[in-house]
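Just so it is clear, none of the values below were taken in a lab; they were calculated from the coordinates. Quick caveat: nothing in here was measured; it's all calculated off a predicted structure. Here the Cβ positions follow ideal geometry from the backbone for every residue, glycine too, while neighbour counts run over all protein chains shown.
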Amino acid sequence: MDDMYRDYILDHYKNPRNFGELEGATHSYHDSNPLCGDELTMSLRIGNGHVDDVRFQGKGCAISQASASILTEEIKGKTLDEVKAIDRDQVLANLGIPISPARVKCALLSLKTLKGAAWGLTAWPGEEKK
Amino acid sequence: MAVTVRTATTLDVARIRADFPILEQRVNGKRVVYLDNAATSQKPRQVLEAMQRVFEEHNANIHRGVYEFSERTTAAFEEARAKVARFINAPSEREVIFVRNATEGVNLVAYAWGRDNIRRGDRIVTTVLEHHSDFVPWQQLAKDVGAELVVIDVDDDGRLRRDQLSAELRKGAKLLAITQASNGLGTVNPVREIAAEAHAAGATVLVDAAQAVPHTPVDVQDLAADFLVFSGHKMLAPPGSGAVWGREALLERMRPFLYGGDMISRVTVTKTEWNELPWKFEAGTSSYVDAIGLGAAIDYLCAVGLRAIHDHELMLVAQLLSRLEAIPGVTVYGPRTVEDRVGVVSFNIEGIHPHDAATIFDREGVCVRAGHHCNHPLMTRLGVPATTRASMYLYNTVDELDRLVDAVHKAKKVFGV
C-alpha cells in the first residue's frame, strides 16, 4: 500500500549501513537540500583506484538516508571509474520504489554527494557561491 | 499545557462546501482533505463564474478602449478595487493598488518607498516570524544601502518578544515590517498596539497581512499602519490577485515601482509625468480578470462573515490541538491556545521527517504542507529543519481533522514509532 515505504527502505533508514566517520578518508563531500533540510556527507577511502571503504553521515527524510545507505553498499570495492559512471537511473533503480517528482531530490542527494567526493570537488559546478 | 476545546460553529459548512467542486475530488481513492490553506485556498464557483463571465461576455483591455467591452471590463475592475477598499476599510480607493500577490506588494514598497527613505545607518526592524516575502526584500535593501536589519525573536510558545521589540524600537527605527499572522505557527501579532509603539519611535509601519486578511476582519484605519499587503489566492480568489494599501500622502510622494503603459499621464521624448493614484503603480496590462475574481471572493467572504469564519477556524484549531497533544511523539510548535491566532497548526512526529509524513498523508488523501514554509529563520529558531503544517479555512470540518489524525497514526505505524 505504501509503495515508497517498503520494509527494506525503512530498515536502511533506521539501521543505516556504513554510517559514521571514515578514518583515513581520501575523498569527502557534503551537501544538503535546503528545501527539506536533508544533509549528507559521503566519505571514501580510495586505494589503487578502488573504493576500499565508504561511510556516510547525515540526517533527513527516510528516502534521502535510505538512498545513501543503499548506495554505500553498492559502491564498496568498485573502481573509482565505475563510481564516477553511476547515474541517476541506477540510483533510482537500486531504491526500487516509485519516487514522486517532489521527492526525486531527496533520492538523489546521495548520488550528488558521491559524485562530489569521487571527482574531488570542493563545490558543485554552478553552485560555487552557496 | 491545557487546551480550550471549542466545539460549536455558526457556519453552515455543508452549504459552503457545495460551492467548492474541488472538495469532491478523490486522491488515491479517498475524498480529498485539503489542509494547506495557508499556502493557497480553494475557489468557490461564484469566483470561477465571475471570471468566466468576463471572458465570455465582455473581455477587453482596461483603461484603454472607448468601446463598450472595455468600458464594462474597466468598470468591473474598478468595482473590484472599491470592494477591496471597503473590505479593509481603506479611507480611499486611491490607496488600493492591485498587485500579483503580497510578495510583489512588499517589493513595491521596498523599491518605491524604501530606496528613497532608508539610508546608510538606518535601522529596519522586522521579526523572525516573517515569511521570506517580508524578510528578503528588507534584508537586501539593508545590504544595498548600508542599513541595519534588526530581527525580533519569539518566545518558546512562538509569541513575539514584545520586550525585545520595544527595546529595539526605542533605539530608533526607520521602518517596522511585521506580519499580522504567522504562516508558520499561526501566531497573531497585536499589530495595532505595535504600530502605535513603532510610530512613537518614528518608524513607518508595513504590515504583511497575507495570513490575516483571509481569516479575520482587518481594518487598516483601526490598525493605523502605513502600508498593508495581502494576496488574493489565499482568500478564495485566483493567483495573480493581491493588493497593497498605503497612506495616500506616502503613495503620492513615492516614485513608481514599475514603468510602462497605463502608469503615465503624458510622455514626451525627454520626460514623463505619472498617472494619478492608484494607477501610477499599475504599469502594463494588469491581471484585471484576477482582480475581478478577488472582488467576487470578497463578496463571498462578506456574505459568510469574517468573524464567523475566524471562530470556525479557532474551533478547528482547538479540536486539532487536543487531538494532536493526545498522540505520543507528536510535538506542536507555536501557541498551544486559540487566543490570538489563526487556523495554522505546525507539528512534527518524532522519528518521521515531515516530508515522509506528508507523503504518507497524501496516500490517505490528506494534503498538508511539509517543509520550511518560506520561513528559514523561524525554522532555525525552532531548531528543526522543517515542520508539518495543517492550515484550516471556512470549508474544513472536524471529520477532516479526524482523517488527518488517522493519517498521523498511519505514519507512526508505517515507521514503527
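Numbers at a glance
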quantity	calculated
Above-threshold pairs, the threshold being 20 Å between Cα atoms, out of B:43/B:410; B:83/B:234; B:143/B:280; B:43/B:83; A:14/B:410; A:59/A:105	B:43/B:410; B:143/B:280
Theoretical ellipticity at 222 nm over chain B - DSSP helices of four or more residues, -39500 (n - 2.57) apiece, nearest 500	-11000 deg cm²/dmol
Taking A:22, B:236, B:108 and counting other C-beta atoms within 10 Å, the order from fewest to most	A:22, B:108, B:236
Average beta-carbon neighbours from other chains, 10 Å sphere, peptide B:349-358	5
Kirkwood-based Rg to Rh ratio, the protein assembly as shown, C-alpha trace	1.01
Estimated FRET transfer efficiency when R0 is 35 angstrom, pair residue B:166-residue B:303 (beta carbons, to 0.05)	0.30
Relative packing of peptides B:8-18, B:280-290, B:247-257 - highest average C-beta neighbours within 10 Å first	B:280-290, B:247-257, B:8-18
Compactness relative to 2.2 N^0.38 Å, alpha carbon Rg of segment A:2-118	0.98
Extent along principal axes [Cα atoms of segment B:48-303; Å; largest to smallest]	58, 49, 27
DSSP beta bridge pairing in chain B, given as percent antiparallel to the nearest 5	60 percent
